Amino acid sequence: MATQPRFELYSFWRTSATYRVRVALNMKSVLAEEHNINIDAGEQRSEAFLKINPMGAIPALIDRESGQPTTPMTQSLAILEFIEETYPSPPLLPRDAHGRARVRSLAAMLAGDTHPFVTPRVKKYLTSVGKFDDAAWRAWQIHWFGTGLSALEERLTHEAETGTFCHGDTPTMADICLASIIAVMRVFKIELANIPTVDRIMASCEQLDAFAKADPTRQVGAPKA
Ligand SMILES: N[C@@H](CCC(=O)N[C@@H](CS)C(=O)NCC(=O)O)C(=O)O
């Protein structure tokens, strides 16, 4: 008998925040049925989707297993924590409280302090109200990706806990967030110089199936190469 995936994931091929959830689900070998929300067509602001997430942003994750309608889960970091609590193995957070604080802090630098500046809604505002042209938007993207990743590089280079991955030698939520930013920079053909530790850790992430399978270019709806 075919088993239905436990989760429904509202997603779009190239989004950074959905990538994080995809990697975490892949790492725990958990299946989700994906529903495409075409951000280029503005579907995140449709009446139907705003009922799921009034913020008009993906991802949103629905848990079918509870047996009764549950509020859709939103915010990728909250979803990662839910996945971690529900499927503890392999762990995406260190065992010690200091380690967990460090991983959550690195993750927040990316998902909380970097990604929001480069979202489609910010682009929409800057290119309409702010009259940004393509060059100004690109300069904006490079500035904010660069600000976040330079600060991350500084920490990863100088903090003793950095290993093969952001924290030690196994991937954590921090690596998921790091890779989510680099993956979307690649979609926009943005490359930054002078972040060798970030680049080294991204290369380690890419060796893992869970990350490789979540790559934007491998998702339904991605443009053919
Ligand atoms: N903080 C949220 C950010 C969600 C978010 O901004 N998602 C983007 C895609 S990566 C989105 O749906 N944007 C729609 C828009 O900006 O209009 C999270 O981590 O889930």
**Prompt:** Can you pick out the pairs among Lys51/Lys213; Lys131/Lys189; Lys51/Lys124 whose Cα atoms lie more than 28 Å from each other?
**Reply:** Lys51/Lys213
**Request:** Express the relative contact order of the stretch 75-199 as a whole percentage, based on alpha carbon pairs under 8 Å and six or more residues apart in sequence.
**Result:** 31 percent
**Request:** For the stretch 156-224 and the stretch 73-144, compute the distance between their C-alpha centroids and round to whole Å.
**Result:** 13 Å
**Asked** To one decimal place, what Kirkwood hydrodynamic radius in Å is obtained for the chain from all pairs of distinct Cα atoms?
**Response** 18.1 Å
**Asked** Going 7 Å from the Cα of Arg121 toward and past its Cβ, which residues in the stretch 72-92 have a backbone nitrogen under 14 Å from where you end up?
**Response** 74-76
**Request:** Net charge near Gln207: determine it from the other residues with C-beta under 12 Å of the C-beta of Gln207, scoring Lys and Arg +1 and Asp and Glu -1.
**Result:** -2
**Request:** Mind putting a number on the dipole of the chain about its Cα centre? Charges go on the C-beta only, +1 for Lys and Arg and -1 for Asp and Glu, and I need it in Debye to the nearest 20.
**Result:** 480 debye
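The numbers here are math on the coordinates, done by the rules we state, and not lab data. All of these numbers come straight from a predicted model, not from anything done at the bench. Note that each Cβ is placed from the backbone with ideal geometry, even for glycine, and that neighbours are counted across all protein chains shown.
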